[in-house]
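Participant: Sending over a structure as C-alpha cells; questions will come in a sec.
Derivation of every value follows stated rules applied to the coordinates shown; laboratory data play no part. Everything numeric in this text was worked out from a predicted model, so none of it was measured. Quick reminder, even Gly has a Cβ in these numbers, built from the backbone with ideal geometry, and neighbours come from all protein chains shown.
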Amino acid sequence: MSTTQSERLRGLLAPLVSARDLDLEEVEVTPAGKRRVLRIVVDSDDGVQLDACAELSRAVSQALDDADVMGGAPYVLEVTSPGADRPLTEPRHFRRATGRLMKAQLVAGGELVARIVDVDDEGLDLEVPGVKGRKPTERRLAFDEISKARVEIEFNRKTSEQKNDESQEEA
C-alpha cells in the first residue's frame, strides 16, 4: 500500500473510529487474487464487541463509497480487533494487557516471560514467575528496554481465588 493511500485511508478512517471511542491500530491493504483486502484493526480499553465492529464496518463502507480512496478495483472490507496474542507496541497495549502474561525480547539481549502487574508512563511493573517451586519476584522494566513483546496465551491459569479454594480443600 502506498504511503499516500495509507495516509488518505487513515485520514478518512480516524474520525469514524474515534467517534466510537475506539483506537485505530492498523490499516492494511493486501492483494487477494483479483481483489484486495482492506483490514482495519481497532481496539479500546474495554475491548471491542462484535456489534461495534459491525457498526463501524457499515460507516466505513459508506465513507469509502463516498470517497475514491480505494480506486475502482474491487476489495473486501474487514473490521476486526487485535488477536489475543497481539504484539505490544504502545503503552496503551501494555496497559490493556495488565494481569496477562507477556514474553518480551530485551534490547540488552535475552527474553523475559512475566505477568504485567501495573503500567505507567515510563514502563511496567512485572511479576516474574518463580522457577522450580520458588516464589515469583517483582521486576521493573522501562519501555525503552523492550525491543519486542507480545501477550502469551494461557489455557490453564489458576486465579488467586482458585488457589485459595485448593489450599482450603487440602487443610
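Participant: Report the net charge of residues surrounding E138, where surrounding means a beta-carbon distance below 12 angstrom and charges are Lys +1, Arg +1, Asp -1, Glu -1.
Facilitator: Once all neighbours under 12 Å are counted, the net charge is +1.
Participant: Now for a separate question. By how many nm would the segment from D120 to S44 lengthen if fully extended, with 0.36 nm per residue of separation less the alpha-carbon distance?
Facilitator: 25.6 nm
Participant: Average the reciprocal distances over every distinct pair of alpha-carbons in the range 1-62, invert the result, and give the Kirkwood radius in Å.
Facilitator: Radius from the Kirkwood sum: 12.3 Å.
Participant: Now, a different point. Convert each backbone phi in the range 31-44 into a coupling constant with the Karplus relation 6.51 cos²θ - 1.76 cosθ + 1.60 (shift: θ = phi - 60°), then list the ³J(HN,Hα) values in order as whole Hz, x for Gly and Pro.
Facilitator: In residue order, the calculated couplings are x, 9, x, 7, 10, 10, 10, 9, 9, 10, 9, 10, 8, 7 Hz.
Participant: What are the ³J(HN,Hα) couplings of the range 85-102, residue after residue, when phi is run through the Karplus curve with 6.51, -1.76, 1.60 and θ = phi - 60°? Round to Hz, x for glycine and proline.
Facilitator: Whole-Hz 3J(HN,Hα) from phi for the range 85-102: 9, 4, x, 9, 10, 10, x, 5, 5, 5, 4, 5, 9, 4, x, 9, 7, 10.
Participant: Calculate the translational D of the chain in whole µm² s⁻¹ from Stokes-Einstein, where the hydrodynamic radius comes from the Kirkwood formula applied to all Cα pairs, the temperature is 20 °C and the viscosity 1.002 mPa s.
Facilitator: For these conditions, the coefficient is 114 µm²/s.
Participant: Please list, in chain and number order, the residues 5+ apart from I146 or on another chain whose amide H is under 5 Å from its amide H, with Hs placed from the backbone.
Facilitator: Amide H neighbours of I146: V107.
Participant: So if we plug the beta-carbon distance of R140 and A73 into 1/(1 + (r/R0)^6) with R0 = 45 Å, what FRET efficiency do we get, rounded to 0.05?
Facilitator: 0.35
Participant: Report the number of Lys pairs in the chain whose alpha-carbons are under 18 Å apart, with separation of 8 or more residues or on distinct chains.
Facilitator: Going through the chain pair by pair, I get 5.
Participant: Amide H to amide H under 5 Å from V42: which residues, 5+ apart in sequence or cross-chain, H placed 1.01 Å off N in plane?
Facilitator: E25, T80, S81
Participant: Kirkwood hydrodynamic radius, computed over distinct alpha-carbon pairs, for the range 46-142: how many Å, to one decimal?
Facilitator: Result for the range 46-142, one decimal place: 16.7 Å.
Participant: Using DSSP to call loops (not H, G, I, E or B), can you name the GluC sites (Glu not before Pro) in the range 43-132 whose Cβ has at most 13 other Cβ atoms within 10 angstrom?
Facilitator: Answer by residue number: E122.
Participant: Pulled fully out, how much extra length does the chain show between L106 and K148, if you take 0.36 nm times their separation in residues and subtract their Cα-Cα distance?
Facilitator: So the chain would gain 14.4 nm between L106 and K148.
Participant: Between T98 and T30, with labels modelled 7 Å along Cα→Cβ, what's the label distance in nm to one decimal, could you check?
Facilitator: Between T98 and T30, the simple spin-label model gives 3.3 nm.
Participant: Just to be sure I understand: with springs between alpha-carbon atoms less than 10 Å apart, which residue in T98, T89, T30 has the highest mean-square fluctuation in the Gaussian network model of the chain?
Facilitator: Taking springs between Cα atoms under 10 Å, the residue moving most is T30.
Participant: Still on this structure, I have one more. Counting only residues 5 or more places away or on other chains, whose amide H sits under 5 Å from the amide H of R100 once H atoms are built in the peptide plane?
Facilitator: Here the answer is I116, since their amide H atoms fall under 5 Å of that of R100.
Participant: Moving to a separate point now. Hydropathy at least -1.0 by Kyte-Doolittle, axial extent at least 20 angstrom from the Cα trace: which helices of the chain, defined as entire DSSP H runs, fit?
Facilitator: Membrane-span-like by this rule: 3-18, 50-66.
Participant: For the range 82-126, what is one quarter of the convex hull surface built on the Cα atoms, given in nm²?
Facilitator: Mean shadow area of the hull around the Cα atoms is 3.2 nm².
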